[in-house]
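Trainee: For reference, the structure I am asking about is given below.
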Amino acid sequence: MKQLRVGVIGLGYFGTRHARIYAQHAAAELVAVCDRNADAASAVAKATGAESCTDMTALLARPDIEAVSICLPDRLHEEAAIAAARAGKAILLEKPMAHDAPTARRIAAAIEECGARLMVGHILRFDPRYVQVYEAAAPERLGQPIHLRAKRNGIRSTARRLGPASSILFYMGVHDVDAMQWIARSRISRVYAQKREVLGTGNEDALYAVVNFENGAIGSIDYSWAWPDGLMNGYRAALEIVGTRAAAYLDCTDQGFYTVLDSGTTGGDTHLWPEINGRITGDLADELDHFVTATRAGTPYLQPWREAFDAIPVLDALALSARTGQPVEVER
């Protein structure tokens, strides 16, 4: 079977990593990379051996590119995803699917109209810790879900860097909304959220919520990026689910690796996208390997894009509840 010929649109933190992984993948050929910043595009092209461009339309018009990774900020997903669908490309769209539900619906309509293939990059679906919790929460093992808890905390410099370009919900929260619905085998139907904004980053400092699931379970969500920048690895996360027969939980406070100096202790990435022996490995590499393998074979993606869509109305409801101080029903 021939290699999958791919392009990458958007060469920030994630796009650069996508390009490097494709360039080293035995079943993929990185043909071209694209960014509005010509210097960024040239640097990634030089490092990977791909061609560079600054015009997304030109990249999508190339008949020798079969698939694309779209790694743009949330608010730029609509134009790129719809254009890629109309160009007949298989699409790996970095999470979240969109920055609000109306935009996600327009992307969904284009995917269906064009018969395009879409995979949304929900990396926790490829994290062995979360996958094992999902398996432990199978109904025959867990019984009926009673309650869930998700925690994802980050550092304040991330909130300052993003400013109003994103939000704690869409940049971080989408991970756990998707994971909770996936692991609970049920959609969230109602939310009640509160937030705090005191650090002046242009973003929420913290958002807490109680959520109701269609299957009767209740859940709590704890989001923060008010932690000082000294937080080891820059984030901490946890998730638990308790059922009538059993319970399962995970704790990502650290990743099991430390460097100790007189000035303090630091950690390192051992799961998400660690660079080992010159190659990016871990969850992100597994995610892109799945995209390449399933696209070449014409087989379904691990997560149907409609499940990825299901997280977006929940995020909209959480944002509305935090603004109004009232419970909000999720509208799908």
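The values are calculated or read from the model by the stated rules, or taken from the named source; none is laboratory data. If you're wondering where the values come from, they're calculated on a predicted model, not measured in any experiment. Quick reminder, even Gly has a Cβ in these numbers, built from the backbone with ideal geometry, and neighbours come from all protein chains shown. Quick note on the areas: whole protein, heavy atoms, side chains included, nothing else; ligands and nucleic acids left out. Shrake-Rupley method; radii C 1.70, N 1.55, O 1.52, S 1.80 Å.
Trainee: Say we join alpha carbon atoms closer than 10 Å with springs in a Gaussian network model of the chain; which of A19, A206, A246 then has the biggest fluctuation?
Mentor: So, out of A19, A206, A246, the one fluctuating most is A246.
Trainee: A further question on this structure: May I ask you to derive the FRET efficiency for F257 and K46 from their Cβ-Cβ distance with R0 = 35 Å, giving the value to the nearest 0.05?
Mentor: The formula returns an efficiency of 0.70 here.
Trainee: Now for a separate question. With every protein chain present, what is the per residue accessible area of the chain (1.4 Å probe, Å²)?
Mentor: I get 44 Å² per residue for this part.
Trainee: A follow-up question, please. Express in nm, to one decimal, how much length is gained between Q326 and E135 on full extension, taking 0.36 nm for each residue of separation and deducting their alpha carbon distance.
Mentor: Separation in residues times 0.36 nm, less the Cα-Cα distance, equals 65.3 nm.
Trainee: Working out 0.36 nm times the residue gap between A297 and Q144, then minus their Cα-Cα distance, what length gain in nm do you get to one decimal?
Mentor: 51.4 nm
Trainee: Right, another one. Which residue, L284, L302, L124, has the most motion in a Gaussian network model of the chain that connects Cα atoms within less than 10 Å?
Mentor: L302
Trainee: Along the charge dipole of region 139-217, which of A217, L199, L169 sits closest to the positive end, that is, farthest toward it, with unit charges on the beta carbon of Lys, Arg, Asp and Glu (+1, +1, -1, -1)?
Mentor: Of A217, L199, L169, it is L199.
Trainee: Between helix 38-48 and the chain, what is the angle of the helix's C-alpha long axis to the longest principal axis, kept within 0 to 90° and rounded to the nearest 10?
Mentor: Once rounded, one gets 80 degrees.
Trainee: Rounded to the nearest percent, how much of the accessible area of the chain (1.4 Å probe, protein heavy atoms only) is carbon and sulfur?
Mentor: Within the chain, the accessible surface is 52 percent carbon and sulfur.
Trainee: Treating the angle as unsigned and between 0 and 90°, give the value, to the nearest 10°, between the Cα long axis of helix 174-184 and the longest Cα principal axis of the chain.
Mentor: 60
Trainee: Right, next: Of K95/K195; K89/K151; K2/K151; K2/K46, which pairs sit farther than 31 Å apart, going by alpha carbon to alpha carbon?
Mentor: K89/K151; K2/K151, as the Cα separations exceed 31 Å there.
Trainee: For the charge dipole of the chain, defined by +1 on Lys and Arg C-beta atoms and -1 on Asp and Glu C-beta atoms about the Cα centroid, which residue among L4, G154, G115 has the Cα displaced farthest towards the positive pole?
Mentor: G115
Trainee: Continuing with this model, one more query. Would you please classify the overall shape of region 148-291 from the alpha carbon gyration tensor, given that a ≥ b ≥ c denote the square roots of the eigenvalues, rounded means a/c under 1.5, and beyond that prolate means a/b larger than b/c while oblate covers the rest?
Mentor: In terms of gyration-tensor shape, oblate.
Trainee: Go through (i) 0.96; (ii) 1.01; (iii) 1.13 and flag the label whose value is the computed Rg/Rh (Cα atoms, Kirkwood Rh) for this structure.
Mentor: (i)
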